[in-house]
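A.B. asks: What follows is a structure written as structure tokens; I'll ask about it next.
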Amino acid sequence: QTYRRFELVAVDDGSTDATGALLAEFAGAPEGTRVLRAEGIGPAGARSLAFHHPRGELIAIHDDDDLSRPERLRRQVDFLESHRAHGVVGCAADAIDESGVRVGAFPVPFGDPAIRRVLRRAPPCVNGSVMMRRAAYEEAGGFRAPFRVAEDFDLWLRIPARFAMENLPEPLYAWRRHGDNTTARWRVDHLRFAATARAFAEERRHRGEDSVALLESAPDGDAFIARYPRAARLSFLIGEHLVREGRVREGRAYFARALESAAGNSARLKATAALWWLLSLAVAFTPRARRVAGT
């Protein structure tokens, strides 16, 4: 990195291969590098642990199999120093394959209004590309361990409105696309937790807090939905995310669950779920749905 005044904190989250030894060797090289050990606490827990240790006012994320362009940190530091109202800044990104060859662009929105619009239903930033003010992170409540995946979406939805968000237009980050990353391996879990993050955001708007403690105590996703007071709404949101992904059969099952569990006075939710059920019939014939179905 062309910007050199940074601490680097790496978390070895319960690895059983050579990762620990490689990190220990690496930690002895760059000044200001620290390696922390955890025992399988998951991405959100590991990020929370890492974010607790740096002393600086700005915190950047970098995922282990991705690439940051040499000027990334410098550009983001300069932006946050000159835009005091902003609390979060990501950047445009390239998608690369396992060998590091560019295979396309990772589209992101630009400008706080557009970012907030996208944020209503999807993460507006490439997670590993983000730098944020510690104040924004701490005021939001940080990463929450019960979100085993989609922990970034949950965090962005809790960033206080007084902190503007932005993505720099330069592709300063490269996200590696391959079959072994968590986005691919746990795709359905990603969609379920993303829907849960949206349901919690709605819950906070209605009653000032959400049910993250209930999520933490539930043994699995189905048990959580069964106990969640807003189960019908959550079931609908999970179905919506699944259908948008082309997983039509799974999405319909959640729409049916929403219709069954909706209270008698939830006419609007029932109508919306029924409409999405009908829309899913058309989605089933799209190329994305055909790929998912293997046809």
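A.B. asks: Which one of Glu138, Glu202, Glu209 is over 30 Å from Ala223 (Cβ atoms), of a type in the set (D, E, K, R) and out of contact with any strand residue (DSSP E or B) (no Cβ under 6 Å at 6 or more places or on another chain)?
C.D. replies: Glu138
A.B. asks: Could you tell me which residue of the stretch 260-295 is modelled with the lowest pLDDT, considering only residues that are open to solvent by less than 50 Å² (accessible area, probe 1.4 Å) and touching a Phe, Trp or Tyr at 6+ places or on another chain (Cβ under 7 Å)?
C.D. replies: Filtering first and then ranking leaves Ala273.
A.B. asks: I'm told Ala136 meets every condition in (1) part of a helix (DSSP H, G or I); (2) under 22 Å from Val108 (Cα atoms); (3) touching a helix residue (DSSP H, G or I) at 6+ places or on another chain (Cβ under 8 Å) except one. Can you identify the failing condition by its number?
C.D. replies: Of everything listed in (1) part of a helix (DSSP H, G or I); (2) under 22 Å from Val108 (Cα atoms); (3) touching a helix residue (DSSP H, G or I) at 6+ places or on another chain (Cβ under 8 Å), Ala136 misses just condition (3).
A.B. asks: Another one. Is it the case, given these coordinates, that Asp66 is charged (D, E, K, R) and open to solvent by less than 20 Å² (accessible area, probe 1.4 Å)?
C.D. replies: yes
A.B. asks: Looking at this structure, is Arg158 open to solvent by 60 Å² or more (accessible area, probe 1.4 Å) and out of contact with any Leu (no Cβ under 6 Å at 6 or more places or on another chain)?
C.D. replies: Against the criterion (open to solvent by 60 Å² or more (accessible area, probe 1.4 Å) and out of contact with any Leu (no Cβ under 6 Å at 6 or more places or on another chain)), Arg158 does not qualify.
A.B. asks: Any residue at all in the stretch 21-31 that is part of a loop (DSSP other than H, G, I, E, B), hydrophobic (A, V, I, L, M, F, W, C) and buried (at least 17 other Cβ atoms within 10 Å of the Cβ)?
C.D. replies: Checked the stretch 21-31: no residue is part of a loop (DSSP other than H, G, I, E, B), hydrophobic (A, V, I, L, M, F, W, C) and buried (at least 17 other Cβ atoms within 10 Å of the Cβ).
A.B. asks: Tally time: how many residues in the stretch 69-90 are in contact (Cβ under 8 Å) with a residue 12 or more places away in the chain and open to solvent by less than 70 Å² (accessible area, probe 1.4 Å)?
C.D. replies: Residues meeting the conditions: 12.
A.B. asks: Looking at (1) under 20 Å from Leu155 (Cα atoms); (2) open to solvent by 70 Å² or more (accessible area, probe 1.4 Å), which is the one condition that is false for Ala114?
C.D. replies: All conditions are met except number (2).
A.B. asks: Inside the stretch 236-281, can you point out the residues that are assigned to a loop (DSSP other than H, G, I, E, B) and closer than 19 Å to Phe224 by Cβ?
C.D. replies: Within the stretch 236-281, Ala262, Ala263 meet the criteria.
A.B. asks: Can Phe153 be described as in contact with a helix residue (DSSP H, G or I) (Cβ under 7 Å, 6 or more places away or on another chain) and not in a loop (DSSP other than H, G, I, E, B)?
C.D. replies: Spelling it out, Phe153 is indeed in contact with a helix residue (DSSP H, G or I) (Cβ under 7 Å, 6 or more places away or on another chain) and not in a loop (DSSP other than H, G, I, E, B).
A.B. asks: Criterion first (of a type outside the set (Lys, Arg), in a loop (DSSP other than H, G, I, E, B) and within 21 Å of the chain's Cα centre (by Cα)) does Gly40 satisfy it?
C.D. replies: yes
A.B. asks: Just checking, which of Pro109, Pro169, Pro113 is closer than 21 Å to Val89 by Cα, assigned to a helix (DSSP H, G or I) and of a type outside the set (Lys, Arg)?
C.D. replies: The unique qualifying residue is Pro113.
Residue-wise test of (1) open to solvent by 40 Å² or more (accessible area, probe 1.4 Å); (2) closer than 26 Å to His62 by Cβ.
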{"position": "Asp189", "(1), (2)": "yes, yes"}
{"position": "Ala194", "(1), (2)": "no, yes"}
{"position": "Asp220", "(1), (2)": "yes, no"}
{"position": "Arg233", "(1), (2)": "yes, no"}
{"position": "Ile238", "(1), (2)": "no, no"}
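A.B. asks: Hey, among the residues in the stretch 196-218 that are among the charged types (D, E, K, R) and open to solvent by 60 Å² or more (accessible area, probe 1.4 Å), which one's farthest from the chain's Cα centre (by Cα)?
C.D. replies: Step by step, filter the stretch 196-218, then rank; the result is Arg207.
A.B. asks: Given the structure, is Gly100 within 16 Å of Glu170 (Cβ to Cβ) and either of a type outside the set (Phe, Trp, Tyr) or surrounded by fewer than 17 Cβ atoms within 10 Å (Cβ to Cβ) (or both)?
C.D. replies: no
A.B. asks: Something else now. In the stretch 7-20, what residues are open to solvent by less than 70 Å² (accessible area, probe 1.4 Å), free of Cβ contacts under 8 Å to residues at least 40 places away in the same chain and not β-branched (Val, Ile, Thr)?
C.D. replies: Leu8, Asp12, Asp13, Gly14, Ser15, Ala18, Gly20
A.B. asks: Still on this model: Are there any pairs, at least 6 apart or on different chains, whose C-beta atoms fall under 6 Å, with the first in the stretch 37-52 and more than 18 Å from Asn127 (Cα to Cα) and modelled with pLDDT under 90 and the second aliphatic (A, V, I, L, M) and open to solvent by 50 Å² or more (accessible area, probe 1.4 Å), and if so, which?
C.D. replies: none
The values are calculated or read from the model by the stated rules, or taken from the named source; none is laboratory data. Note that the coordinates shown come from a computational prediction; the quantities given were computed from them, not determined experimentally. Note that we place each Cβ from the backbone using ideal geometry, even for glycine, and neighbour counts take in every protein chain shown. Please note that ligands, DNA and RNA were not included when accessible areas were found on the heavy atoms of the full protein model with its side chains. Shrake-Rupley method; radii C 1.70, N 1.55, O 1.52, S 1.80 Å.
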